[in-house]
Amino acid sequence: LLHHTVCVSGPFQFVWPWGRCMGSDCGPGGSQSRAVWCAHVDGWTTLHTNCDQSQRPSNQQNCFRVCDWHKDLYDWKLGAWNQCVSVSARTFGGMRPYVCNGGEEGIQTREVGCVLKSDESPGDDNICEYFEPKPRLEQACLIPCPHDCVVSEFTPWTSCSKTCGTGLKNRVRSVLVPPLFGGSACPNLTEFQTCKPGPCKGPEGVYSLRVGPWMPCSLPISRPVRQAKRRKGKGEARERPGVKDPDTRELIQKKRTRNRLNRQESPFWDIQLGYQSRTVSCAHRNGSTVGLSRCLPRDLPLTVQSCILAKDCKLSEWADWGPCSKACLDPDPESSRGQRSRTRRVHQFSVGEGEDCPPLEETEPCDPQGDGVLPCATYSFTLNICYTWRTTEWSDCRVDSLLSQQDRRRSNQTGLCGGGLQNREVYFQFLPACLAASRPVDSKLCGGPIPNTSQLCHIPCPIECEVSPWGAWGPCTYENCDVQKGKKGFKLRKREISNEPTGGPGNCPHLVEAVPCDEPSCWAWRLVRLDECIPDGELPCGPGTQIPQVQCVNSTGDMVDKELCGGAPAPEPIACDVPCPKDCVLSDWTSWSSCSQTCSSKTIEGKQLRTRSVLAYNAGEGGGMCPNSSSLQEVRNCNEHACTVYHWQTGPWGPCTEDPSASALNTTTGPRSAAGPNTNGQGPCSQGMQTRKVICVRVNVGQVPPKKCPESPRPGTVRPCRMPCKKDCIVTPFSDWSQCSPTCDAAGNIQKKKQSRKRVILQLPANGGQDCPEVLEEEKDCEAPKVCPGYRWKSHKWRRCQLVPWYIREDSPGAQETCGPGLQTRAVSCRQLDGAQADIGECLKFANTMPPISQRCQLPCQDDCQLTNWSKFSSCTADCVGVRTRKRLLVGRSKKKDKCKNTQMYPLSETQYCPCDKYNAQPLGNWSDCILAGGDRVESLPGTKVQGNIKECGQGYRYQAMVCYDQDNRLVETSRCNSHGYIEEACIIPCPSDCKLSEWSNWSRCSKSCGSGVKVRSKWLREKPYNGGRPCPKLDHINQVYEVVPCISDCSQYVWVAEPWSVWKVSNLDLKENCGEGVQTRKVRCMLNTIDGPSESVEDYLCDPEDMPLGTRGSRLPCPEDCVLSDWSSWNRCSLVRITGRRPIISIHVSGRQCPDTTEKEPCSLNLNCFHYFYNITDWSTCQLSANAVCGNGIKTRMLDCVRSDSKSIDLNLERKWQMNISCVVECPVNCQLSDWSAWSECSHMCGLDGRMWRSRVVVQGSQGDGRPCPSQLEQWKPCPVRPCYRWQYSPWSECRVEEVVCGAGLRYRNLSCVVSDGSREGEGSMVEEELCGGLELAVNRDKLIILKETCVLPCPGECYLMEWSDWSPCLSVCAKGAGVDFGSVQVRSRAVMAQEPENVQLCPDQDWESRPCIDGECFEYKWMSSTWSGSSRVTWCQRSDGLNVTGGCPPINPPRDDNNSCDPPCQMPLSFCTEAGVCMCEEGYTEVMSSSGQLNRCSPIPILEIPTAGDKKTDVKTSRAINPTLPATIQPGRTGRTWYLQPFGPDGKLKMWVYGVAAGALVLLMFIVSMIYLAW
């Protein structure tokens, strides 16, 4: 920001912010500067002299230079937020607005400063701002609106407080919402109303005895003399001579021990008996206290009683904290922390009314401390053990795992290849010292993600061997040219491997074939060319010779030194003929054609043909004659060797066996543990050897002796190999034995349990390794304790009843010294279940509630009736039959007293019906999910496997809970109904069916016979998927899927073959000369081209018609002495002009006739004789897999054409390299992999009808590609066995009881009963025997403090008093729904006043209420409600959004009026009423007729528009007056249609919207009519 000081006039200084603090040392002593300049008020800079120099700010100051290490010394100190201040009050000083909606916007501030962390001394804010921006000093807040007190409706009036005279009736209400944030106080919660039931016949009772509360317990005043006498008497007793008999002495000792146990001499109790007293007074009905004599003569209540002096529980100091349950540091901050605990001991139990003992043990979350703590999921600090995930080896790659189980496309799956799936097991191990694998452990010790249990893999598809076509037969040669023996040899032909197969060339068919021959030779002469024909005798024409040019070649065609061919005669010169002018002229011989057969036999011979033609006939006498037609062609034999072909045939390689020459041997020593030194499980490997069978085979015959085949190409029969390494089975050591659950039940009975352990196979045996052990799991009985450890309280005998000392109570009326109410105590000790003495702390932890150590007692007086205790009830002969009784007897003198013989006062027997144990079983709730048989197996062993192949469908069972009731409709255990708790029913989980397609059809033919085209194959849909099966690929409209790939056809596979030209046929034949214009013909056929040449004729359409040679040609046959020329040569390549030529054979010209031109030219014309060439490459095909592959690696191909500019494909001659294949991947269809079902959860309810157990599974690996999708059901539930819900429950409080008087301080009581319920409603239940709650903690609603009695006050007649507290109101939120504001939740209870005498109302105490916070309160809204008008009035009230009528809560602004006096002038017309808007309106069915002044004049009935129905015979529309406009049309007499009431005005007196709509429509219609009339003109 720009700081500046404004001058009074003229320029002022501008100050730039302070710059960075600079200095050599950190801390104070730095300096910072800033720029200061003088500027005019308009903003431009001026001279410094124009500004007042005395006011010039400083441009340099000292500062604190901050360094990085200051971050550890300084930090921001944040003060508490101040009270929220209204924005309006803060800004304008005004008052808060009267209308408040939810809350008022405010601002609260706080102090923020930079302080030194060590002593919080203030520092410069710049220091902290260097590291972190200064926290905000203000924030928005909301000032809640005042919330008035909200009370409920009044209860009905009580009955009159008196039965005669003048009394009061009361009605009360309770507080629902306390006044908050300055809201209005609560109104009176009580209303009074006098009542007079009738006059009293006698005098009314005026005085009542009132007792006060008991005073605190205190010790009686000591009497030293009496105590001294008592001590003296005891001392004399001790001086009696002892008993010397040992047996008697032992009995006395046991008795003393027993008595000592019965006495409260335990260090945990210090019981002192005292007394307490209370006052008795006489009260007037107006509430005043009068003399006691006014209430006499009456029997006075007891004023003194025995008591136990209250002593609070005393505890020891807390012991040190125990170790943290978590012994490692978890890097995940959100992971659960450990727990640690500490305890304290009881020094003194509470007695009397003393404060009970607080908890003796407490826990807190913790983290391990110390420098040596290791990270979790890897190390355990206490055991120095590594815990980690372990996996078995990946299984073999299997392709069938990716196929549907219902896919029958491939009956033989052994040849499948391509993409596959591997599985493995995952378990948990610990590694001692983190060195090697060891036994499985509990999965809880391992952290981090679970390793994958499956992965994609690839099985290489076998590459089939591809070989080239056979080459031509070679010359007859010796098998070994170095050793030339005999006169027999072989002709060989070979082929090459064009695509090397998997496994090497040994898997290819034979590559050499041989036929025997005679007169072999290793070298021969090869004719290269013939020289020109040279006439003999240096003549210009006539017979001559041609010298052959030859080379010496070996059997493979390679040129060698000519000396090697010296043994064979060289080719002789060949006779030839140069025609003279009158001779017949012939063309040169054509090349020999391909041999017609590959071999010769008795029936077939190979032939070759060559031809020549007549170029000019002889002229006259003396000229050489032309040969006949048969001399124009020559035929010779070829491939004269017999059709007896031999070759070597190899068998498959055998297994790799040990090579005896190798020294290494395979050894195994048994199944090894994973903890052994060789963790990879591989033994030593050795060099081996493989053999195969090689035989000589004659084609089409079979095996022949080896000598028939040449030895040189014989394949080998032995090759070295690497023997597969033996793999022994590797297993982990056994896991630790699983923990034994408690083997003692609640009653202390021994239960037999089993524990188990397991081990996991890490590596399966292979190649002859040691097999795995059969036993992978072991089980044994748990070691049961001889005596189950357990603890119980033992209560000893009650001591004698102790009375209040006589000197204290001797003044009480009617008191006797030796009898009356007293108190007795007993000892309580802790025992084991076997009776042995135990520490009392064990019982506090494990035993039930400690029994009481004191009780009230009564020492009978002489006049009292004394009875024995009740006996047990007699047994019943049968259930539901007869009765059972129990008895008691009078004791002592009571047998002779008449009042004791009164059986009504003192019954001596009781009778009750025998219990009726009848039970009824009923089904309960819905059926569970269908659970597969065996699917509820619970994996309880450590080292749990994680796998994905889980049975998903088939027959299972579903369960429905059974509930059992007794004859009183009380819930009992299901075993009473002879049921195990379930109804079981078979069910079916349908198996998923995948999309099924047919097999691929055969590939179609390539769409082009020359060049690149496409070929197609297809599949069709056989069955759609259902039940979550694999989806289908995208299909076309006829449910087919296609695959189109490019293809290429060899343009030379079909060729035109032309036969030699026929003899000239001269059209104008001169009888003297055979010359002139003529015609030659020949046959042209389309033939299949093979490596041996054209082989057979095919249809002409397979050959290119544009390339078809001519079958007829016309020309001029030279006449004698004409120049004879050869045929035209081929045209050269076109540049601008292309040229062809021919050579003269006879260049003699007579009569001036010269030879014509020997060359011919023609212009180049595009696409006629001149062409352009370009490459045409197709798109990449789809990814092509091997025939046996499902997915995985494949190839994409494309085709390349050489295309001529006339769109004709020609044979390709590559001038650049093109990539025609690329690798690709087809995604594998991986099915969804799920984990095992987890163990069944604990029941959601420990008892009751709604209990459910759940189990779940997780997706280990989602589906990929077209794999089967994951099922939607990842959770399953089944009902829990129904168990009765037992709980301790209080009975309602009794009425306040005051003994022997009418009013005053008394007691009220309640019982603690065992209640059974079905758990559906907490408050309901049926009382059952207390034994059924014996195993429960003695607590009510989790409150262990059991209170069965409490003091109360019974009001005296005429007294005004406070009622008992109401129940806590439901938890409600203090909120404003419209504003979205919540200020917390609260609940409240209140005490209303109850009065009995009208004159005492003024003396009543104040009503009371109290509130407490709660959570999850509900937010309510309040709105005004009103009834319909009744005449000129109506009822209005406030209603809460849940439908409860309340007082308070509704907005005080504009409440609805409850009379119609708000209209001015008042609505006095019949059938009219005043609306909330203050407008007079008519009731429904009537319309308003207004006066000229706008006032309501009268209410007129609205005409009724009757719409006839289909069944109405009257179709005319009638208007009639409404009989009762408020009744629906269906109940009006004589109405069969629907009735519409046309009311133009609404309840507020304003026109309704439909009136405006009708008016607008009429206006538009009128404008339309006017416009039409205008246009018509």
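The values are calculated or read from the model by the stated rules, or taken from the named source; none is laboratory data. From a predicted model like this one, the values you see are computed outputs, not experimental measurements. Please note: Cβ atoms are built from the backbone with ideal geometry, for glycine as well, and neighbour counts cover all protein chains shown. Note: accessible area is taken over every heavy atom of the protein model, side chains too, but ligands, DNA and RNA are not part of it. Shrake-Rupley method; radii C 1.70, N 1.55, O 1.52, S 1.80 Å.
Per this entry, Gln922 is not counted among residues that are at pLDDT 80 or above, under 30 Å from Asp270 (Cα atoms) and open to solvent by 40 Å² or more (accessible area, probe 1.4 Å).
Could you run through the range 626-642 and say how many residues are within 18 Å of Pro710 (Cα to Cα) and surrounded by fewer than 16 Cβ atoms within 10 Å (Cβ to Cβ)? Residues flagged as within 18 Å of Pro710 (Cα to Cα) and surrounded by fewer than 16 Cβ atoms within 10 Å (Cβ to Cβ) within the range 626-642 amount to 1. Can you name every residue in the range 459-492 that is surrounded by 17 or more Cβ atoms within 10 Å (Cβ to Cβ) and basic (Lys, Arg)? Passing the criteria: only Lys491. For the range 802-838, a residue qualifies if it is more than 30 Å from Ser277 (Cβ to Cβ), part of a loop (DSSP other than H, G, I, E, B) and touching a Phe, Trp or Tyr at 6+ places or on another chain (Cβ under 9 Å), and the qualifying residues are Leu833, Ala838. Is the range 113-126 home to any residue that is over 30 Å from Cys26 (Cα atoms), among the polar types (S, T, N, Q) and open to solvent by 40 Å² or more (accessible area, probe 1.4 Å)? Checking the range 113-126: not a single residue is over 30 Å from Cys26 (Cα atoms), among the polar types (S, T, N, Q) and open to solvent by 40 Å² or more (accessible area, probe 1.4 Å). When Pro1465, Pro1413, Pro1456, Pro1451 are checked against the criterion of being at pLDDT 85 or above and either assigned to a loop (DSSP other than H, G, I, E, B) or touching a strand residue (DSSP E or B) at 6+ places or on another chain (Cβ under 8 Å) (or both), a single residue qualifies: Pro1413. All conditions but one from (1) modelled with pLDDT of 75 or more; (2) assigned to a loop (DSSP other than H, G, I, E, B) apply to Ile1148; the one that does not is (1). Pull up the range 48-90, narrow it to residues that are part of a helix (DSSP H, G or I) and under 30 Å from Val36 (Cα atoms), then point me to the one that is nearest to the chain's Cα centre (by Cα). Ranking the qualifying residues of the range 48-90, first place goes to Gln55.
Looking only at the range 1046-1103, residues that are modelled with pLDDT of 80 or more, more than 30 Å from Pro1118 (Cβ to Cβ) and either touching a helix residue (DSSP H, G or I) at 6+ places or on another chain (Cβ under 9 Å) or assigned to a loop (DSSP other than H, G, I, E, B) (or both) come to 8 in all. Taking interchain pairs and intrachain pairs at least six residues apart, which have beta carbon atoms under 8 angstrom, with the first residue in the range 786-800 and at pLDDT 80 or above and the second open to solvent by 90 Å² or more (accessible area, probe 1.4 Å) and polar (S, T, N, Q)? Within 8 Å, the pairs are Arg792/Asn848; Trp793/Asn848.
Considering (1) of a type in the set (Ser, Thr, Tyr); (2) at pLDDT 85 or above; (3) within 25 Å of the chain's Cα centre (by Cα); (4) under 30 Å from Asn423 (Cα atoms), the lone condition that Ser928 does not fulfil carries the number (4). Of the residues making up the range 528-538, at least one is β-branched (Val, Ile, Thr), open to solvent by 80 Å² or more (accessible area, probe 1.4 Å) and free of Cβ contacts under 8 Å to residues at least 60 places away in the same chain. The set of residues from the range 473-507 being at pLDDT below 80, β-branched (Val, Ile, Thr) and within 59 Å of the chain's Cα centre (by Cα) comprises just one member, Thr502. Count of the range 1224-1245 residues, restricted to those that are open to solvent by 30 Å² or more (accessible area, probe 1.4 Å), of a type in the set (Gly, Ala, Ser) and either under 18 Å from Leu456 (Cα atoms) or touching a Cys at 6+ places or on another chain (Cβ under 9 Å) (or both), is 1. Cβ-Cβ distances below 6 Å connect the following pairs, each with a first residue in the range 1028-1048 that is more than 17 Å from Ser998 (Cβ to Cβ), a second residue that is among the β-branched types (Val, Ile, Thr), and a separation of six or more residues or different chains: Val1044/Val1014; Val1044/Val1016; Pro1046/Val1014; Pro1046/Thr1178.
Here's the yes/no breakdown for (1) farther than 28 Å from Lys896 by Cβ; (2) under 60 Å from the mean Cα position of the chain (by Cα); (3) open to solvent by 70 Å² or more (accessible area, probe 1.4 Å):
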residue: Ala827; (1), (2), (3): yes, yes, no
residue: Gly835; (1), (2), (3): yes, yes, no
residue: Pro852; (1), (2), (3): yes, yes, yes
residue: Asp864; (1), (2), (3): no, no, no
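Quick one: would you say Cys857 is in contact with a Cys (Cβ under 6 Å, 6 or more places away or on another chain), in a strand (DSSP E or B), within 30 Å of Gln348 (Cα to Cα) and not aromatic (Phe, Trp, Tyr)? In short, yes.
Taking the criterion of being assigned to a loop (DSSP other than H, G, I, E, B) and either exposed (fewer than 11 other Cβ atoms within 10 Å of the Cβ) or more than 39 Å from the chain's Cα centre (by Cα) (or both), the residues of the range 1327-1336 that qualify are Glu1329, Gly1334, Gly1335. One residue stands out in the range 150-178 among those that are at pLDDT below 90 and out of contact with any strand residue (DSSP E or B) (no Cβ under 6 Å at 6 or more places or on another chain): the one that is nearest to Arg1391 (Cα to Cα), namely Ser159. Checking each residue in the range 283-308 for being of a type in the set (A, V, I, L, M, F, W, C), surrounded by fewer than 18 Cβ atoms within 10 Å (Cβ to Cβ) and closer than 24 Å to Cys801 by Cα picks out only Leu300. Being surrounded by fewer than 20 Cβ atoms within 10 Å (Cβ to Cβ) and at pLDDT 85 or above is a property that Cys1360 lacks. You will find that of Glu265, Glu317, Glu334, the residue that is part of a loop (DSSP other than H, G, I, E, B), at pLDDT below 75, among the charged types (D, E, K, R) and within 30 Å of Ala838 (Cα to Cα) is Glu265 and no other.
Phe873: within 30 Å of Gly790 (Cα to Cα), of a type in the set (Phe, Trp, Tyr) and either in contact with a strand residue (DSSP E or B) (Cβ under 8 Å, 6 or more places away or on another chain) or modelled with pLDDT of 85 or more (or both), yes or no? Here the answer is no, as Phe873 does not meet what is asked. Of all residues in the range 989-1007, those satisfying the criterion of being part of a loop (DSSP other than H, G, I, E, B) and buried (at least 17 other Cβ atoms within 10 Å of the Cβ) are Pro992, Asp994, Cys995, Cys1006. Annotation: of all residues in the range 1250-1280 being closer than 28 Å to Ser1317 by Cβ and open to solvent by 40 Å² or more (accessible area, probe 1.4 Å), the one that is farthest from the chain's Cα centre (by Cα) is Asp1250.
Quick grid of which residues meet (1) part of a strand (DSSP E or B); (2) open to solvent by 50 Å² or more (accessible area, probe 1.4 Å); (3) at pLDDT 60 or above:
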site: Ser661; (1), (2), (3): no, yes, yes
site: Thr668; (1), (2), (3): no, yes, no
site: Gly676; (1), (2), (3): no, no, no
site: Cys696; (1), (2), (3): yes, no, yes
site: Asn700; (1), (2), (3): no, yes, yes
site: Ser712; (1), (2), (3): no, yes, yes
site: Pro715; (1), (2), (3): no, no, yes
site: Pro724; (1), (2), (3): no, yes, yes
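Counting the residues of the range 1165-1194 that are touching a Cys at 6+ places or on another chain (Cβ under 7 Å), open to solvent by 90 Å² or more (accessible area, probe 1.4 Å) and of a type outside the set (Phe, Trp, Tyr) gives 0.
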